[in-house]
1. Can we say residue 80 is at pLDDT below 90 and part of a helix (DSSP H, G or I)?
2. Here are some conditions: (1) in contact (Cβ under 8 Å) with a residue 60 or more places away in the chain; (2) out of contact with any helix residue (DSSP H, G or I) (no Cβ under 8 Å at 6 or more places or on another chain). Residue 34 meets all but one. Which one does it not meet?
3. Kindly indicate which of 37, 8 is outside any helix (DSSP H, G or I) and at pLDDT below 85.
């Protein structure tokens with residue numbers, strides 16, 4: 001990889017993480033405005049924020065390793081980010097299903 005490509009790839013990764021952070025903040029605000037049946041949802045979002053911070057740290061580490069062409073650590077960092085992303089995605093899907101269930105419960109209670 002050349003430096004321009006390396007820099008743009010890392011910049012793209014960091015931009016993606018920033019977009020994810022914005023989404024998390026909007027989700028957190030939305031959840032705080034609704035009564036949900038599961039009080040642990042905000043705690044889970046805080047864990048997502050911790051995962052996101054760790055991904056940022058790893059992305060910066062990847063950038064440093066790219067500069068010195070330490071491909072083993074670049075590969076390791078990418079694998080870690082991918083693993084954390086899968087963890088994030090799987091748990092977020094579960095959270096969405098739970099929130100949809102809470103919405104259905106909330107609507108049913110209003111109808112009664």
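The values are calculated or read from the model by the stated rules, or taken from the named source; none is laboratory data. Source: prediction; values computed, not measured. Backbone-built Cβ (ideal geometry, glycine too); neighbour counts: all protein chains shown.
1. On the way: at pLDDT below 90: no; part of a helix (DSSP H, G or I): yes.
No.
2. The failed condition is (2).
3. Details: 8 fails: outside any helix (DSSP H, G or I).
Sole residue among the options that is outside any helix (DSSP H, G or I) and at pLDDT below 85: 37.
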